[in-house]
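Participant: One structure, pasted below without further comment.
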Amino acid sequence: MSEAKVHSAKPSANDFDVGLQSLPADDYVIKTRHGTMAFGRRTWLMGVINVTPDSFYDGGKRFDPAKAVADGIGLVEAGADMIDIGGESTRPGAPPVSAEEELQRVLPVVQGLRRMVKVPISIDTYKARVARAALTAGADIVNDISALRFDPEMAVLVAAERVPVVLMHMQGKPQTMQAEPRYSNVLGEVQDFLEAQIGVALEAGVERENIIVDPGIGFGKTLDHNLILLRGLPALASMGHPLLVGASRKAFIGKILDAKPDERLEGSLAAAVAAVFGGAHIIRAHDVKETCRVVRVADAIRFGMPGAPR
Ligand code: 9MG
């Protein structure tokens, strides 16, 4: 059977009416160790702290732990509902780092921020050892760009610790993922992958309420793949799990606008609005102040003003 046939029952992005009335707004609640995340009335904002010397956007400006903690506090003051801390760059072609190195980078930042902010903290890692130490240091959520595939201990850890986990789609590995991404139906294949990894998580004992899904914009995708996924978000938002979308400053925006990473603010904001109207529950962003203001207006259009009848 051809690949196209395998996915013929799956919707494609064009099957969705993305008119405002058709948007899903499911009321999910995720309980973390440091607060409850209630979705369905507004979009949550995940601010990014990269503690790496080679991050594609901030070029390692936040490698100093004290500076990273101060930046994290600034992101919360600017409107971040949660903070994502990562110690290994996921930029296409970036080299992997050892667990030791990653721990040295992220642990002081997790510990420092935990003392200073009340919002949930996610640890961006695919290594169970790093995730375990970060959870002990005060992180609440595991953001696994491999969706539990790269480290067999990760599913066991997340289940045992009873913490929320982000399952993100990626074709290939960060080192090679942009070499020649190929799909016959990118939306259907991403959805199939996420369903399969939800199955892996459930099988390991992760609670269904603790699973967040993510199409992995820019992870093994061409410009067209990313656009189809952003257009098809309503399908992913209807999978029965909160949906996280991260498009901030990614290369596809640079391709459309012919813009370097630090020139992609407007494009990132446009993608954030598309994500809100596509049904995303969480938006991952570098430019928190600007994204927060844009999302507040998009949310008011989508959901009405807080407290107003819907
Ligand atoms: C770490 N990281 C970089 N981009 C990301 C994205 O789009 N989603 C998630 N979950 N993590 C990301």
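The values are calculated or read from the model by the stated rules, or taken from the named source; none is laboratory data. All values reported here derive from a predicted model rather than from experimental measurement. Here the Cβ is made from the backbone with ideal geometry for all residues, glycine too, and neighbour counts use every protein chain on show. Areas reflect the complete protein model, heavy atoms only, side chains present, ligands, DNA and RNA absent. Shrake-Rupley method; radii C 1.70, N 1.55, O 1.52, S 1.80 Å.
Participant: Which residue, Leu148, Leu265, Leu167, has the most motion in a Gaussian network model of the chain that connects Cα atoms within less than 10 Å?
Facilitator: Looking only at Leu148, Leu265, Leu167, the biggest GNM fluctuation is shown by Leu265.
Participant: What is the distance, in nm, between label points placed 7 Å from the Cα along the Cα-to-Cβ direction at Asp299 and at Ser238?
Facilitator: About 2.5 nm separates the two model spin labels.
Participant: How large is the accessible surface of Arg231 in square angstrom, using a 1.4 angstrom probe and rounding to the nearest 10?
Facilitator: 120
Participant: So for Thr136, Thr125, what's the accessible-area order with a 1.4 Å probe, most first?
Facilitator: Thr136, Thr125
Participant: Convert 37 °C to kelvin, take the viscosity as 0.692 mPa s, use the Kirkwood radius over C-alpha pairs of the range 247-310 as Rh, and evaluate the Stokes-Einstein diffusion coefficient in µm²/s, rounded to a whole number. Walk me through the numbers on the way to the answer.
Facilitator: Details: Rh = 12.3 Å.
Rounded, D is 268 µm²/s.
Participant: Run lengths n ≥ 4 of DSSP H only: what is the helix-derived mean residue ellipticity at 222 nm for the chain, with -39500 (n - 2.57) per run over all residues, to the nearest 500?
Facilitator: Details: 11 runs with 123 residues, N = 310.
Taking each H run of at least 4 residues, the total per residue is -12000 deg cm²/dmol.
Participant: Percent of Cα-Cα pairs more than 25 Å apart in the range 101-234, please.
Facilitator: Summing the P(r) tail past 25 Å for the range 101-234 gives 30 percent.
Participant: Quick one: Cα centre-to-centre distance for the range 161-193 and the range 206-232, in angstrom?
Facilitator: Distance between centres, Cα-based: 7 Å.
Participant: Separate question: Which pairs in the list Lys31/Lys289; Lys173/Lys221; Lys127/Lys173; Lys221/Lys255; Lys31/Lys118 are over 18 Å apart, alpha-carbon to alpha-carbon?
Facilitator: Among Lys31/Lys289; Lys173/Lys221; Lys127/Lys173; Lys221/Lys255; Lys31/Lys118, the Cα-Cα distance tops 18 Å for Lys31/Lys289.
Participant: While we're looking at this one, here's another question. Pick out which of Ala131, Ala179, Ala235 has the largest mean-square fluctuation in a Gaussian network model of the chain, springs linking Cα atoms closer than 10 Å.
Facilitator: Judging by the Gaussian network model, the answer is Ala179.
Participant: If you don't mind, another one. Could you state the accessible area per residue of the chain in Å², with a 1.4 Å probe and every protein chain left in place?
Facilitator: 42
Participant: If you count, for each residue, the other Cβ atoms within 10 Å and average over each peptide, how do 79-87, 65-73, 186-194 line up from highest to lowest?
Facilitator: The most tightly packed comes first, giving 79-87, 186-194, 65-73.
Participant: So if I place +1 on the C-beta of Lys and Arg and -1 on the C-beta of Asp and Glu, and nothing else carries charge, what would the dipole magnitude of the chain be about its Cα centre? I want it in debye, nearest 20.
Facilitator: Computed charge dipole of the chain: roughly 520 debye.
Participant: Between rounded, prolate and oblate, where does the chain land on the alpha carbon gyration tensor, with a ≥ b ≥ c its root eigenvalues, rounded for a/c under 1.5, else prolate if a/b exceeds b/c?
Facilitator: On the way: a/c = 1.28, a/b = 1.17, b/c = 1.09.
Judged from the Cα gyration tensor, the chain comes out rounded (a/c under 1.5).
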